[in-house]
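Trainee: First the structure, then my questions, so here it is.
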Amino acid sequence: MFECIQVAQHTYYIASPVNIGIYVEKDNSVWLIDSGLDARVGKKIEKILLEKNWKLKAIINTHSHADHIGGNNYLQEKFQCPIYANGLDCLFIENTFLSPMALWGAYPPKILQTKHIMAEISKVQDINTITLPQGFESIPLYGHGLFMIGIKTPDNILFIADELCSQYVLDKYGIPFNYYIEEYVKSLEKAKTLSADLFIPAHGEPTKNIMPLIEANLEAIQKIKTLIYDFCKQPIYFDKLMQAIFNHFAHELNFVQYAVVGCAVRSYLTWLYDEGKIEPISIENMLHWQQKK
């Protein structure tokens, strides 16, 4: 864990629960791709930098989820480095309270205000306002997070963030978290056209061929969409739908899962509703969903 692995002449990654990308320029300055969950991870990154005699030049956040930005604050204070992210993700990184608020849809309870959802605040700039070093490429991969990007280094190594769930995650969790399902499907189709010598996901092992995982993720999404649509054959209210989904996957509901999975389920409802396949109806002043007649 937290081993620094070289995958190309100038590109490395730190193998951890969230794989962290490293690109080393000729003067030993480093571009870091994501920073892990918290200051503890930041300190492990700092240790590797010192051991290698590398100087942290900048951090690129692929998106604003806490497990990708949690080391920002520690590293920025330690090295006074700039941090870059895409579009409105900058707003979320500088105002991390927005993340649990977006999940809950209101002022979030304290159980959602933990480091796993709400990272420490850091200062960030829009990556679209700067010129990246020659050979770097920022690739929009929207859907999992609204403004997520992949980063390709000049070595032709592509860090694809949370674009793909491993088969293990798909099997274990049933409904992986994605914020905007319809856009995520488009990004998966786009991912089929991407080329690189090596793809490095944030969660999982590097691979030269992402096509099997793309197909697995697309298949999982369609199965979930069909499952939710089928549950709407008869009018069903949201909590009953959540119960049916958790029972289907043989999972036990807890509060955090209610918020996180519930957010993903609402995204599927949005997709089905916008396609005209389901509709909301009020029954005894309780909102239900049903297949559109």
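The values are calculated or read from the model by the stated rules, or taken from the named source; none is laboratory data. The structure displayed is predicted, hence computed values, not measured ones. FYI the Cβ positions are ideal-geometry reconstructions off the backbone, even for glycines, and counts take in every protein chain you see. Just the protein is used for accessible areas: all its heavy atoms, side chains included, with ligands, DNA and RNA removed. Shrake-Rupley method; radii C 1.70, N 1.55, O 1.52, S 1.80 Å.
Trainee: With all protein chains present, how much of the accessible area of region 1-77 (probe radius 1.4 Å) comes from carbon and sulfur, to the nearest whole percent?
Mentor: Ligands and nucleic acids excluded, carbon and sulfur give 47 percent.
Trainee: Let me ask you something else. For the chain, what does the relative contact order come out to in percent, with C-alpha contacts under 8 Å and a separation of six or more?
Mentor: Reported relative contact order: 13 percent.
Trainee: Something else about it: Please determine, in degrees from 0 to 90 and to the nearest 10, the orientation of helix 211-231 with respect to the longest principal axis defined by the Cα atoms of the chain, where the helix direction is its Cα long axis.
Mentor: Here the helix axis deviates by roughly 30 degrees.
Trainee: Next question. Within straight cross-link reach of Lys115, meaning Cα distance under 15 Å, which aspartates and glutamates are found once same-chain residues fewer than 8 apart are removed?
Mentor: Here the aspartates and glutamates satisfying the reach criterion relative to Lys115 are Asp38, Asp67, Glu94.
Trainee: Something else: Using a probe radius of 1.4 Å on heavy atoms only, what accessible surface per residue do you get for the chain? Whole Å² is fine.
Mentor: In whole numbers, the chain has 48 Å² accessible per residue.
Trainee: So, one more: With a/c under 1.5 counting as rounded, go ahead and sort region 101-244 into rounded, prolate or oblate using the C-alpha gyration tensor (a ≥ b ≥ c being the square roots of the eigenvalues; past the cut-off, prolate if a/b is larger than b/c, else oblate).
Mentor: Oblate, since a/c reaches 1.5 and b/c is not below a/b.
Trainee: Could you work out how far the C-alpha centroid of region 214-272 sits from that of region 1-53, in angstrom?
Mentor: After rounding, the separation between the Cα centres reads 36 Å.
Trainee: Beyond 19 Å between alpha-carbons counts as too far, so tell me which of Lys223/Lys277; Lys172/Lys277; Lys43/Lys78; Lys172/Lys223; Lys172/Lys225 fall in that bin.
Mentor: Lys172/Lys277
Trainee: Given the options His63, Ala119, Pro140, identify the residue whose Cα lies farthest towards the positive end of the charge dipole of region 63-147 (+1 on Cβ of Lys, Arg; -1 on Cβ of Asp, Glu).
Mentor: Ala119
Trainee: Binning at 10 Å from 0, report for region 3-51 what percent of all alpha-carbon pair distances ends up in each bin.
Mentor: Spelled out bin by bin, region 3-51 gives 26, 62, 12 percent.
Trainee: For a label point 7 angstrom out from the Cα of Glu275 toward its Cβ, which stretches of region 213-230 have the backbone nitrogen within less than 11 Å?
Mentor: Counting only backbone N, you get 221-230.
Trainee: Kindly identify region 89-184 as rounded, prolate or oblate by the Cα gyration tensor criterion: order the square roots of the eigenvalues as a ≥ b ≥ c, call it rounded if a/c is under 1.5, otherwise compare a/b with b/c, prolate if a/b is larger, else oblate.
Mentor: It is oblate, given that a/c is not under 1.5 and a/b is not larger than b/c.
Trainee: Evaluate E = 1/(1 + (r/R0)^6) for Leu218 and Tyr107, where r is the Cβ-Cβ distance and R0 equals 25 Å; express this FRET efficiency to the nearest 0.05.
Mentor: 0.10
Trainee: A further question on this structure: Dividing the Cα convex hull volume of region 43-127 by residue count, how many Å³ per residue is that?
Mentor: 84 Å³
Trainee: What does the highest-first list of 58-71, 79-92, 11-24 look like by mean Cβ count within 10 Å?
Mentor: Ranked by mean Cβ neighbours within 10 Å, highest first: 58-71, 11-24, 79-92.
Trainee: What's log10 of I(q)/I(0) for region 229-278 at q = 0.12, 0.21, 0.30, 0.33 Å⁻¹, Debye sum over Cα points only, no solvent?
Mentor: Debye intensities relative to I(0), on a log10 scale: -0.25, -0.76, -1.27, -1.35.
Trainee: What does the convex hull of the Cα atoms of region 187-293 come to per residue, in Å³, rounded to a whole number?
Mentor: 125 Å³
Trainee: Could you tell me the relative contact order of region 72-189? Use alpha-carbon pairs under 8 Å, at least six residues apart, and round to a whole percent.
Mentor: Answer for region 72-189 is 23 percent.
Trainee: Using only Cα atoms, find the angle between the long axis of helix 181-191 and the longest principal axis of the chain, and express it within 0 to 90 degrees, rounded to the nearest 10.
Mentor: Taking the Cα atoms of the chain, the angle to 181-191 is about 40 degrees.
Trainee: May I pose another question? Which of Asn95, Asn72, Asn53 moves most in a GNM of the chain, Cα contacts under 10 Å?
Mentor: Looking only at Asn95, Asn72, Asn53, the largest GNM fluctuation is found for Asn53.
Trainee: For Glu51, project a label point 7 Å along Cα to C-beta. Then give me every residue of region 7-28 with its amide nitrogen under 12 Å of that point.
Mentor: Only 14-15 fall inside the zone, counting backbone N under 12 Å.
Trainee: Next question, about the same structure. First obtain the Kirkwood hydrodynamic radius of the chain from its Cα pairs, then insert it into the Stokes-Einstein equation at 4 °C and 1.567 mPa s, and state the resulting D in µm² per second as a whole number.
Mentor: 65 µm²/s
Trainee: Compute the label zone of Asp230 within region 259-293: residues whose backbone N is under 16 Å from the point 7 Å along Cα-to-Cβ.
Mentor: Zone members listed by number: 291.
Trainee: Let me check against my output: what whole-number percent is the relative contact order of region 33-104, with C-alpha pairs under 8 Å and at least 6 apart?
Mentor: 34 percent
Trainee: Let me ask something additional. Under the rule of at least 5 residues apart or a separate chain, name every residue whose amide H is placed under 5 Å from the amide H of Gly150.
Mentor: It is Ile139, Leu141, by chain and number.
Trainee: Here's something else I'd like to know. Could you tell me what percent of the accessible area of region 189-293 is made up of carbon and sulfur, with a 1.4 Å probe and every protein chain present?
Mentor: Answer for region 189-293: carbon and sulfur cover 52 percent of the accessible area.
Trainee: Excluding residues fewer than 8 places away in the same chain, name every one of the aspartates and glutamates whose C-alpha is closer than 13 Å to that of Lys208.
Mentor: Asp197
Trainee: Please give the calculated 222 nm ellipticity per residue for the chain, where each DSSP H segment of at least 4 residues contributes -39500 (n - 2.57) and the sum is spread over every residue; nearest 500 deg cm²/dmol?
Mentor: That calculation yields -11000 deg cm²/dmol at 222 nm.
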